[in-house]
Amino acid sequence: MARGALVAVEGIDGAGKTTQARMLADALHALGREVVLTKEPTDGFVGRRIRETARTGRLPPEEELDLFLEDRKEHVELLIRPAMARGAVVIVDRYFYSTAAYQGSRGLDPADIVMRNLAFAPVPDVVVLLTIDPADGVARVRSRDGVENHFERLDDLVRCASVFDALVRPEIVRIDGARPIELVHADVMSAVTRVL
Ligand code: TYD
């Protein structure tokens with residue numbers, strides 16, 4: 001049986017995470033791997049509550065952090081660990097690096113956020129961090145969704161991007177997400193197949 005693995009795809013809104021996560025899933029599946037493609041916030045009870053606050057108004061940073069941690073704990077126990085244990089490659093579209101960047105950009109300490117996650121969340125074999133200029137990210141989101149939600153204002157994304165830029169972890173591979181989709185995909189594949 002193949003060894004299970006965990007891949008996180010990260011970056012600010014508009015960096016191309018969801019497209020790249022899907023392409024990666026398809027490519028690994030075509031190579032014969034069992035692939036589980038999933039995302040955070042999840043579609044569970046807590047994840048839905050988080051999405052609701054994106055429309056209706058943000059919670060204070062500490063409360064928001066607690067919700068993301070609760071959502072992730074459930075995700076890790078119910079889906080991520082069992083899938084890895086049976087040999088699947090789990091691809092997660094956003095993981096705790098997003099918590100460091102987004103809740104960190106609201107004044108919480110990113111290093112402390114990472115530490116609280118490491119207490120229960122498995123460290124990915126590789127984190128694909130897609131980079132993009134925040135203004136270009138916002139432009140992509142606008143042309144996709146028509147409107148910005150409360151999580152996606154430019155000044156917030158600039159702060160978020162600078163926390164992502166400052167993250168130092170051995171599992172992080174930075175890939176320029178501003179390029180054509182197929183070029184980005186090729187780099188994502190080589191970063192991931194190296195660790196599988
Ligand atoms: P996003 O991936 O944009 O989901 P969707 O496209 O389905 O709405 O995630 C929603 C927002 O949640 C996004 O702006 C980033 C934010 N977020 C955090 O603030 N902290 C976290 O830990 C995670 C996982 C996401």
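Condition first: among the hydroxyl-bearing types (Ser, Thr, Tyr) and within 19 Å of the chain's Cα centre (by Cα). Now tell me which residues in the range 49-88 satisfy that.
Answer for the range 49-88, where residues must be among the hydroxyl-bearing types (Ser, Thr, Tyr) and within 19 Å of the chain's Cα centre (by Cα): just Thr53.
Restricted to the range 27-56, and to residues that are surrounded by 14 or more Cβ atoms within 10 Å (Cβ to Cβ) and among the hydroxyl-bearing types (Ser, Thr, Tyr), which residue is nearest to Asn117 (Cα to Cα)? Steps first, answer last, please.
Step one: list which residues in the range 27-56 are surrounded by 14 or more Cβ atoms within 10 Å (Cβ to Cβ), which gives 27-28, 33-42, 44, 46-47, 49-51, 53.
Among the residues that remain, those that are also among the hydroxyl-bearing types (Ser, Thr, Tyr) are: 38, 42, 53.
Details: Thr38: 18, Thr42: 16, Thr53: 22 Å.
Here the residue is Thr42.
Quick one: which helices (runs of 4 or more DSSP H) lie wholly within the range 82-196 and hold at least 3 residues that are touching a residue at least 12 places away in the same chain (Cβ under 8 Å) and of a type in the set (S, T, N, Q)?
96-104
Restricting to the range 1-26, and then to whatever is away from the ligand (no atom under 12 Å from the Cβ) and not in a helix (DSSP H, G or I), can you tell me which residue is surrounded by the fewest Cβ atoms within 10 Å (Cβ to Cβ)?
Only one residue tops the list, namely Met1.
Please state which one of Ala119, Ala100, Ala135, Ala85 is within 19 Å of Glu10 (Cα to Cα), of a type in the set (A, V, I, L, M) and surrounded by fewer than 15 Cβ atoms within 10 Å (Cβ to Cβ).
Values: Ala119 fails: within 19 Å of Glu10 (Cα to Cα); Ala100 fails: surrounded by fewer than 15 Cβ atoms within 10 Å (Cβ to Cβ); Ala85 fails: within 19 Å of Glu10 (Cα to Cα).
Of the residues listed, the single one that is within 19 Å of Glu10 (Cα to Cα), of a type in the set (A, V, I, L, M) and surrounded by fewer than 15 Cβ atoms within 10 Å (Cβ to Cβ) is Ala135.
Which condition does Thr53 not pass, out of (1) more than 16 Å from the ligand (Cβ to nearest atom); (2) part of a helix (DSSP H, G or I); (3) touching a residue at least 24 places away in the same chain (Cβ under 8 Å), if it passes all the others?
With (1) more than 16 Å from the ligand (Cβ to nearest atom); (2) part of a helix (DSSP H, G or I); (3) touching a residue at least 24 places away in the same chain (Cβ under 8 Å) applied to Thr53, the lone miss is (1).
Got a number for residues in the range 57-70 being in contact (Cβ under 8 Å) with a residue 12 or more places away in the chain and open to solvent by 20 Å² or more (accessible area, probe 1.4 Å)?
The qualifying residues number 7.
Here are some residues: Val163, Val123, Val168. Which one is under 29 Å from Pro60 (Cβ atoms) and within 15 Å of the ligand (Cβ to nearest atom)?
Val163
Going by the conditions given, is Thr38 more than 10 Å from the ligand (Cβ to nearest atom), touching a His at 6+ places or on another chain (Cβ under 9 Å) and not in a loop (DSSP other than H, G, I, E, B)?
Spelling it out, Thr38 is indeed more than 10 Å from the ligand (Cβ to nearest atom), touching a His at 6+ places or on another chain (Cβ under 9 Å) and not in a loop (DSSP other than H, G, I, E, B).
Yes/no per residue for (1) surrounded by 14 or more Cβ atoms within 10 Å (Cβ to Cβ); (2) touching a Leu at 6+ places or on another chain (Cβ under 8 Å); (3) among the acidic types (Asp, Glu):
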{"position": "Cys160", "(1), (2), (3)": "yes, no, no"}
{"position": "Ile172", "(1), (2), (3)": "yes, yes, no"}
{"position": "Asp187", "(1), (2), (3)": "yes, no, yes"}
{"position": "Val192", "(1), (2), (3)": "yes, yes, no"}
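The values are calculated or read from the model by the stated rules, or taken from the named source; none is laboratory data. This one's a predicted model, so the numbers in the text were calculated from it and none came from an experiment. Cβ atoms come from the backbone with ideal geometry, glycine included; neighbour counts cover every protein chain shown. Accessible surface areas use protein heavy atoms only, side chains included; no ligands, DNA or RNA. Shrake-Rupley method; radii C 1.70, N 1.55, O 1.52, S 1.80 Å.
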